[in-house]
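Inspection log for the structure reproduced underneath, given as structure tokens.
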Amino acid sequence: MRLKRKRLSDTMLRAFLIFAVLLVLTSIFAKNLAPNDPYTTNIAQMKQPPSSQYPFGTDDMGRCVLSRVLYGARTSVFSALLLVTITFIFGSAVGILCGYYGGAADRIIMRIIDGIMAFPQMILAIAVSGILGGGMLNAMIALGFAGWTPYVRLARSGVLAIKNEDYIKAARFSGSGSFSIMAKHILPNIFSSLLTYATVQIGSVMLGFAGLSFLGLGVKRPEAEWGSMISEARGFLATAPWTVLYPGLALVITVMVFNYLGDAVRDRLDVHVLGGNIEIEK
Amino acid sequence: MLRYIGRRLLRLIPILLVVSFIAFSLMYIAPGDPALKKLVAQGLAPSEEVLKLTRESMGLDRPFIVRYFDWLWNFLKGDLGVSYAKSLPVSQMMWKAMGKTSVLALSALMLSLIIAVPLGILTAVRRNRATDYIVRFFTFTANSIPTFLIALLLIYAFCIKLSWFPVLAKGSIQGLVLPTVALSIPCAGKFIKQFRAEILEQLGKDFVLGAQARGVKPSVFLTHDVLHNAMLTIITVIGLAIGGLFTGSVVIESIFQWPGVGQLVMDAITARDYPVIQGFVVYIAVIYVIINLLTDITYRIFDPRVKAD
């Protein structure tokens, strides 16, 4: 029974990894896949329903919706992956150092993190990017501002749990330096739970970016991004629903694939450290 | 119990200090001169003379940390400054808008519970059967759809195709229906997941096995024991949902023109009205912290076994 479940979760993991890789490839080769230029406006082709020339129709400025959706994949997928990678590395490093060395710096950093986590993450992101004035870089800063904190808590508690184990002591007595202990003995032990958390986060970070862009705080127009495309198109929902539908579908499918991937990774690595404490609301 | 509450309140102090410091600093992360930004937001011509006076009246010539404690002292007295754009006290604007947001958030919370409690029980009892898979697919989808898309789909279906509701809520009761539904779908998705897990755990406990062995009907121990314990889950999920509800309401309010804090802050961002953005952040954080504290305390009252701190 257990073996069967493990095999099933392996298959699931592989399937969703393939889906995720396909999405990344789509976003890389958006230029080659797009049938039209995503930024060429054409008044004569305004709000055309889907046709063979424009498979997803055109928007209010006659731009090809399919091409914009493909180019939007680049923005959405890459910015989410980049931000998750940055926060993952930074947060984990801070967490390992805090847990390993402890002391006053650790206490101060943990109080700061308590404070940051006292805000709902998106509320802080909306305020930060609103004050910084929008744009993709500012949106990343805004989401990253709170995004690194759960990794710190996770890594720190992982370190504290194993810090006084015999094999760590043995490594220390045999002359290993602090850095080598952290890199060779501590990190491998807590890596799977950190990686799981990072994978689970990809989907919600994507939703975060899309939300900021929808509110006009993410990418600047006319840059193709799903959230901002939906926001631009919402005024003519009645006359050209495809302008909302297709970027919406692309967003939902992508987020679902990454969410499933996160769940599959969690099941496969059998990580149960993700308690209610570090759950971040979307 | 009182000692526990006292300890929790004490632990709140450093958190609130950091929270207020972050909120205060927000004002200064924007590029440019704060005095100039204030004048631009008020639509005044920034001559050198006026700029100097504004800088002085804002206390910009004093050290940052002094200004912070000044601001904190005023905040403790309930004064969050004056809006640049509307010349009204920020706290007054917040209170009014917060009332509207609470109506929206509370009705969404109620609706989410109404949807999630029965579905959570159903999926747990019918584990790994068709119903379970269907509901789980729904919860998964609900967790992957952005709130704004749900709102637009609802508008498309019920306002444009069926014309059952007005598109813009403007604070009316009839206009409350769609924003509530839009806000509660992701929330319900999360709740169902929690309930399912909780009830499955309860169903695996010894007392349930014992009851089953004695031939007690499932409906009896479900309502008597399992659901009683699931009450604790309700308290937990409410605490978890608050952040999402506030975030969702910013988006929902800006779509349906519901005059709550979300709309207030989006207007403030457009108008570069920094004190309002700052006030918004502080209010939400304080409410969020207090609600989390209250859920923890309630949890302890309902379940005296919890000793973990």
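Computed from the coordinates by the stated procedures, all read-outs in this text should not be read as laboratory data. Keep in mind that what you see is a predicted model, and the values were worked out from it rather than measured. So basically every Cβ, Gly included, is an ideal-geometry build from the backbone, and we count neighbours across all protein chains shown.
A few comments on the model shown:
- For chain B, the longest principal axis of the alpha carbon atoms and the long axis of helix B:130-144 meet at an angle near 10°.
- Compared with the dominant Cα axis of chain B, that is its longest principal axis, helix B:274-302 is turned about 30°.
- Rounded to the nearest 20 debye, the dipole size of the protein assembly as shown about its Cα centre is 1360 debye, using +1 on the Cβ of Lys and Arg and -1 on the Cβ of Asp and Glu.
- GNM flexibility winner over chain A from A:72, A:227, A:103 (Cα, springs under 10 Å): A:103
- For the pair segment B:195-249 / segment A:183-223, the C-alpha centres are spaced 31 Å from each other.
- Check: segment A:2-280 dipole with +1 on Lys, Arg Cβ and -1 on Asp, Glu Cβ, in debye: 660 debye
- Computed over every Cα-Cα pair of chain B and binned at 10 Å starting from 0, the pair-distance distribution P(r) comes out as 5, 21, 25, 23, 15, 7, 3, 1, 0 percent.
- Taking the C-alpha atoms only, the angle from helix B:48-57 to the longest principal axis of chain B is near 50 degrees.
- Our note on the geometry: Cα centres of segment B:74-146 and segment A:85-104, 32 Å apart.
- Cβ-defined net charge surrounding residue A:41, 15 Å radius [Lys, Arg +1; Asp, Glu -1]: -1
- Global form of the protein assembly as shown, assessed from the alpha-carbon gyration tensor, a/c cut-off 1.5: rounded
- For chain B, built as a Gaussian network whose Cα springs stay under 10 Å, the top-fluctuating residue of B:136, B:127, B:196: B:127
- Each of B:96, B:77 has some number of other Cβ atoms within 10 Å of its Cβ, and from fewest to most they run B:77, B:96.
- Cα-based Lys proximity count in chain B, under 21 Å, for pairs eight or more positions apart or on separate chains: 14
- When chain B is described by a simple charge dipole with +1 on each Lys and Arg Cβ and -1 on each Asp and Glu Cβ, the residue from B:246, B:287, B:298 located farthest towards its positive end is B:298.
- Comparing mean-square fluctuations of B:253, B:201, B:49 from a GNM of chain B with C-alpha springs under 10 Å, the top value falls on B:49.
- Shape descriptor for segment A:2-280: Rg over Rh equals 1.06 (Cα atoms; Rh from the Kirkwood inverse mean 1/r).
- Rg and Dmax, both from the Cα atoms of segment B:127-280 and both in Å, are 20.4, 68.
- Taking a span of 24 Å or more along the helix axis (Cα atoms) and a mean Kyte-Doolittle hydropathy of at least 0.0 as the rule, the DSSP H helices of chain A that qualify are A:2-28, A:65-101, A:187-214, A:242-269.
- By other beta-carbon atoms within 10 Å, ranking B:144, A:9 with the fewest at the front produces A:9, B:144.
- 10 Å beta-carbon shell around residue A:91, net charge (K/R +1, D/E -1): +2
- Bridging of residue A:31 to aspartates and glutamates at a Cα separation below 16 Å is possible for A:223, A:225, once same-chain residues fewer than 8 apart are set aside.
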